[in-house]
């Protein structure tokens, strides 16, 4: 299953990255005379309501969706590690204050909060980035805190403290390296959630904007033509489903593999 997931993700990533060279047409080129054309040799997946080649838009749509998801997930992970590690390592009032903030953000309905942020800031890729990061960092912080609480009680941490190492040094060279395993799993799984969130906001018109080729936008544009041209909605929907499913499979495999390797073997930089 892991090999299959890696193969699927590699194929999707390579196709998306190579879209400018392998796409048969410009994804935004209009051809009204051939609007809603059925699939055939010229247009393997047909054309949309403006005559744009569906395959070309599908390939380019993966670039914007996946790239934004990876960047947003990396930013979310960074914020979560900072807040979670500080909270778990220092404890006391610092921990209480940060955890109160975490509970506040976790108590807010994610989609509703995203819509509120997008409504205030206006649609666009930057708004989409802020919306998904602000609504997702608390989950990372909570998990990082739990891991940090375990790590800080390890004998090697106590030994480093006894030698006079500063909290910043201990966290940088002893705590954070031992968070890599769980964070790799979280990062992998969260990318799938980010793809779904980005596609949902774009579908609602609050994320990426037309004429940008994006899977969520493609699904939104194809709604009026679902009966006459169902492939316009099915194709990007399948891309989203297959990508997120493969990412989740890979995340489960990594979790099992890393858990067996991290039995009492601390990582030190």
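The values are calculated or read from the model by the stated rules, or taken from the named source; none is laboratory data. Keep in mind the model is a prediction, meaning the values are calculated, not measured. All Cβ positions, glycine included, derive from the backbone under ideal geometry; neighbour counts span all protein chains shown.
When you go through (1) modelled with pLDDT of 90 or more; (2) surrounded by fewer than 21 Cβ atoms within 10 Å (Cβ to Cβ); (3) touching a helix residue (DSSP H, G or I) at 6+ places or on another chain (Cβ under 7 Å) one by one for residue 84, which number turns out not to apply?
(2)
Within the group 15, 3, 11, 33, which residue is under 27 Å from the mean Cα position of the chain (by Cα), more than 25 Å from residue 182 (Cα to Cα), free of Cβ contacts under 8 Å to residues at least 24 places away in the same chain and in a helix (DSSP H, G or I)?
Of the residues listed, the single one that is under 27 Å from the mean Cα position of the chain (by Cα), more than 25 Å from residue 182 (Cα to Cα), free of Cβ contacts under 8 Å to residues at least 24 places away in the same chain and in a helix (DSSP H, G or I) is 11.
Being modelled with pLDDT under 85, surrounded by fewer than 19 Cβ atoms within 10 Å (Cβ to Cβ) and either over 19 Å from residue 214 (Cβ atoms) or more than 21 Å from the chain's Cα centre (by Cα) (or both), is that true of even one residue in the range 125-140?
Within the range 125-140, none of the residues are modelled with pLDDT under 85, surrounded by fewer than 19 Cβ atoms within 10 Å (Cβ to Cβ) and either over 19 Å from residue 214 (Cβ atoms) or more than 21 Å from the chain's Cα centre (by Cα) (or both).
I need a count of the residues in the range 213-244 that are part of a helix (DSSP H, G or I), under 16 Å from residue 198 (Cα atoms) and in contact (Cβ under 8 Å) with a residue 12 or more places away in the chain.
Residues flagged as part of a helix (DSSP H, G or I), under 16 Å from residue 198 (Cα atoms) and in contact (Cβ under 8 Å) with a residue 12 or more places away in the chain within the range 213-244 amount to 14.
So if I check each of 43, 60, which one is surrounded by 18 or more Cβ atoms within 10 Å (Cβ to Cβ) and within 30 Å of residue 135 (Cβ to Cβ)?
Details: 43 fails: within 30 Å of residue 135 (Cβ to Cβ).
Selected residue: 60, the only one of 43, 60 that is surrounded by 18 or more Cβ atoms within 10 Å (Cβ to Cβ) and within 30 Å of residue 135 (Cβ to Cβ).
Which of the numbered conditions does residue 209 fail, given that it passes all the others? Conditions: (1) touching a helix residue (DSSP H, G or I) at 6+ places or on another chain (Cβ under 7 Å); (2) touching a residue at least 12 places away in the same chain (Cβ under 8 Å); (3) part of a loop (DSSP other than H, G, I, E, B); (4) surrounded by fewer than 17 Cβ atoms within 10 Å (Cβ to Cβ).
Single failed check for residue 209: (1).
Starting from the range 179-205, keep only residues that are within 15 Å of residue 75 (Cβ to Cβ), then list their pairs with residues that are at pLDDT below 85 and surrounded by fewer than 19 Cβ atoms within 10 Å (Cβ to Cβ) whose Cβ atoms are within a distance under 9 Å, requiring at least 6 positions of separation or different chains.
Note: pairs meeting the criteria are 197/110; 197/111.
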